[in-house]
Amino acid sequence: MPTAVRGAIAGALGLAPEAVRVRVGDVGGGFGMKTSFYPEDVVIAWAARHTGRPVRWSGERGEEFLSTTHGRDVQAHAELALAADGRILALRVQSHANVGAYALPTGVAIQLLIGPWVQTSVYHVPVIDFHFRAVLTHQAPTGAYRGAGRPEAIFNIERLMDEAARQTGIDRVALRRRNFIRPEQMPYTNPMGQTYDVGRFERVLEQALPLADWDGFAARAAQSGARGLWRGLGIATFLEWTGGNVFEERVTVDVKSDGFIEVYSAVNQMGQGIATSLAQLVVDAFDVPIERVRVVLGDTERGNGFGSAGSRSLFTGGSAMRSGAEHTLAQARQLAARELEAAPEDIRYAAARFHVAGTDHAIGLFELAGRQLEGHIFVDHTHRVSGPTWPNGCHICEVELDPRTGAVALVGYASVNDVGRVINPLIVRGQLDGGAVQGIGQALCEQLVYDDPSGQLLTGSLMDYAVPRAHDLATWFRTEMDESTPCANNPLGVKGVGELGTIGATPAVVNAVADALARAGRADLAPRLQMPLTPARLWTLLHEA
């Protein structure tokens with residue numbers, strides 16, 4: 001989000017925004033520690049202006065653990081009311097969110113606004129009673145981290161749904177089916193006033209069950225039992241809100257005489273492959289090889305906009321790129337008609353060439369650009385989508401719990417994800433799988449720990465803070481995408497995908513561990529599970545009971 005950094009630095013130093021230039025190089029990942037600027041950003045700029053010399057600063061990992069924003073520290077009490085037939089009557093949630101020592105606008109909004117927006121998820125909930133509080137503590141501030149409020153909300157409702165199924169004796173899949181919002185109810189406005197444009201939630205569930213071999217679980221559980229292990233099967237059906245409620249984005253398209261099309265967007269490359277996806281959209285519009293496309297990102301001197309946050313890069317930035325390319329091509333068609341002395345409606349375009357229908361009279365796109373007075377064809381274009389996207393999914397997880405040690409092994413993971421139209425399947429699959437792994441880490445091992453008497457951070461390095469590694473993941477990991485329900489709020493039909501996997505993974509894993517306990521006759525422990533489900537925590541829970 002270079003434009004936001006530019007504005008913050010300019011404001012702090014009393015400069016006009018145009019006096020500050022922010023350029024972004026390679027960013028290996030952007031799912032945390034962003035959407036706000038840090039004191040170091042301003043100090044570096046001040047020092048450079050004060051000394052008249054370049055100033056460089058880089059943080060060590062320990063410094064990042066201590067001072068950058070953290071995520072997801074919430075205590076929630078949730079209750080679900082059901083009719084005798086399992087229909088949801090009401091949902092009550094009361095929560096306290098630790099937002100750290102400094103109440104950042106993003107950190108507070110995530111817990112008090114954005115999370116509640118999706119709290120009822122894919123279910124029809126007639127009545128809600130929500131009470132959310134942000135609490136200041138001595139710890140590092142919390143901010144945006146992959147999912148930003150939605151994982152907490154979905155965790156609440158999905159844990160409730162599974163516990164409701166156990167207590168009522170209603171099959172948990174049947175209970176979900178009974179309460180899904182139906183396709184004929186779309187567009188659907190939930191109790192928090194958020195409108196879902198489209199969604200076929202039962203269709204996604206129906207695809208996920210065979211993908212996970214749901215019906216074959218009993219045999220696998222028997223095999224685990226023979227080895228002294230408790231096997232559990234967890235499920236989460238859910239949706240996600242994307243876009244940051246900033247629906248406008250700006251792009252520039254520059255057709256050059258040297259045979260290249262150079263495009264600029266304010267969305268940013270941060271490991272999610274957006275530059276490739278934008279280039280593909282330009283290729284589709286101009287019918288040129290991808291080698292002829294140059295994508296420029298992350299330079300406030302070239303252009304400004306909201307940037308990449310809230311899984312909005314493709315559905316806002318990509319929609320703007322597609323629309324900008326089409327406007328550029330329409331302008332080029334008018335110029336070609338003038339050059340070829342023909343009516344614009346008689347001009348045909350293919351493979352970077354314009355020709356007059358029924359003749360061999362033609363001119364190349366790049367030759368046409370070179371004949372313009374400025375030597376190129378340039379379009380500055382702003383496009384607005386009509387609302388957020390609501391990607392959704394069904395994630396199913398299998399675990400083995402060793403009651404002797406409390407260790408949990410992830411042995412299987414399957415997900416079906418409604419992400420609308422897919423531009424680049426490899427990129428989307430990578431986003432979904434990467435997101436799921438981050439959610440798995442939250443469920444099983446990730447936790448920031450402070451020393452109570454001193455306030456000292458104890459998990460200040462990757463020697464002490466546990467992140468999931470390759471060997472921690474499932475024996476089988478199956479990911480599918482459903483493109484049958486395109487988004488109605490943008491011309492591409494795409495839905496935001498960068499955070500979806502994280503939101504579904506955490507409740508799916510915890511529900512799987514709860515299921516393992518219940519199948520072993522310890523259903524009483526299921527409501528007491530608290531993340532992360534470390535071996536020590538689970539062993540203690542089993543032995544205290």
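Among the residues making up segment 7-40, those that are surrounded by fewer than 17 Cβ atoms within 10 Å (Cβ to Cβ) and charged (D, E, K, R) are Glu18, Arg21, Arg23, Asp26, Glu40.
Only one residue in Thr506, Thr502, Thr540 is at pLDDT 95 or above, among the β-branched types (Val, Ile, Thr) and out of contact with any helix residue (DSSP H, G or I) (no Cβ under 9 Å at 6 or more places or on another chain), so which one is that?
Numbers: Thr506 fails: out of contact with any helix residue (DSSP H, G or I) (no Cβ under 9 Å at 6 or more places or on another chain); Thr502 fails: out of contact with any helix residue (DSSP H, G or I) (no Cβ under 9 Å at 6 or more places or on another chain).
The unique qualifying residue is Thr540.
Confirm whether Thr540 is of a type outside the set (Asp, Glu) and open to solvent by less than 50 Å² (accessible area, probe 1.4 Å). So Thr540 fails the test.
Checking each residue in segment 130-171 for being under 18 Å from Pro391 (Cα atoms) and of a type in the set (A, V, I, L, M, F, W, C) picks out Ala148, Ala153, Ile154, Phe155, Ile157. Of all residues in segment 330-379, those being in a loop (DSSP other than H, G, I, E, B) and either aromatic (Phe, Trp, Tyr) or open to solvent by less than 80 Å² (accessible area, probe 1.4 Å) (or both) number 8. Considering only residues of segment 281-298 that are free of Cβ contacts under 8 Å to residues at least 60 places away in the same chain and part of a helix (DSSP H, G or I), which is most open to solvent (accessible area, probe 1.4 Å)? Only one residue tops the list, namely Glu291. Just one residue in the set Leu278, Leu229 is without any contact (Cβ under 8 Å) to a residue 60 or more places away in the chain and either closer than 30 Å to Val399 by Cβ or surrounded by 22 or more Cβ atoms within 10 Å (Cβ to Cβ) (or both); that residue is Leu278. Of all the numbered requirements in (1) within 21 Å of Ser415 (Cα to Cα); (2) touching a residue at least 60 places away in the same chain (Cβ under 8 Å); (3) open to solvent by 20 Å² or more (accessible area, probe 1.4 Å), Asp171 misses one, and that requirement is (2).
Residues that are open to solvent by 10 Å² or more (accessible area, probe 1.4 Å) and not in a loop (DSSP other than H, G, I, E, B) within segment 239-273 comprise Glu248, Arg250, Asp254, Lys256, Glu262, listed in sequence order.
On the basis of being open to solvent by less than 10 Å² (accessible area, probe 1.4 Å), hydrophobic (A, V, I, L, M, F, W, C) and not in a loop (DSSP other than H, G, I, E, B), does Val510 make the cut? Taking the combined requirement at face value, the residue satisfies it. The set of residues from segment 117-144 being in contact with a Gly (Cβ under 6 Å, 6 or more places away or on another chain) and buried (at least 23 other Cβ atoms within 10 Å of the Cβ) comprises Thr142, Gly143.
Quick check on Ala221: is it open to solvent by less than 30 Å² (accessible area, probe 1.4 Å), small (Gly, Ala, Ser), out of contact with any Cys (no Cβ under 8 Å at 6 or more places or on another chain) and under 30 Å from Ala325 (Cβ atoms)? Lay out the reasoning, then the answer.
Numbers: open to solvent by less than 30 Å² (accessible area, probe 1.4 Å): yes; small (Gly, Ala, Ser): yes; out of contact with any Cys (no Cβ under 8 Å at 6 or more places or on another chain): yes; under 30 Å from Ala325 (Cβ atoms): no.
Judged against the criteria, Ala221 is not a match.
When Leu401 is tested against the conditions (1) in contact with a helix residue (DSSP H, G or I) (Cβ under 9 Å, 6 or more places away or on another chain); (2) more than 24 Å from Glu483 (Cα to Cα); (3) surrounded by fewer than 24 Cβ atoms within 10 Å (Cβ to Cβ), the lone failure is (3). Per the listing Gly324, Gly303, Gly307, Gly318, the residue uniquely over 24 Å from Glu499 (Cβ atoms) and surrounded by 23 or more Cβ atoms within 10 Å (Cβ to Cβ) is Gly324.
Within segment 49-75, residues that are among the polar types (S, T, N, Q) have Cβ atoms under 6 Å from residues that are outside any loop (DSSP other than H, G, I, E, B) and open to solvent by 60 Å² or more (accessible area, probe 1.4 Å) in these pairs: Thr68/Met33; Thr69/Met33; Gln75/His96, counting only partners at least 6 apart in sequence or on another chain. For Glu480, the conditions (1) under 26 Å from Ser121 (Cβ atoms); (2) crowded, with 18+ Cβ neighbours inside 10 Å are fulfilled apart from (2).
Only one of the numbered conditions (1) in contact (Cβ under 8 Å) with a residue 60 or more places away in the chain; (2) farther than 24 Å from Gln75 by Cβ is violated by Ala514, and that is (2).
The values are calculated or read from the model by the stated rules, or taken from the named source; none is laboratory data. Quick caveat: nothing in here was measured; it's all calculated off a predicted structure. Don't worry about glycine lacking a Cβ; one is built from the backbone with ideal geometry, like all the others, and counts go over all protein chains shown. All accessible areas refer to the heavy atoms of the entire protein, side chains included, with ligands and DNA or RNA removed. Shrake-Rupley method; radii C 1.70, N 1.55, O 1.52, S 1.80 Å.
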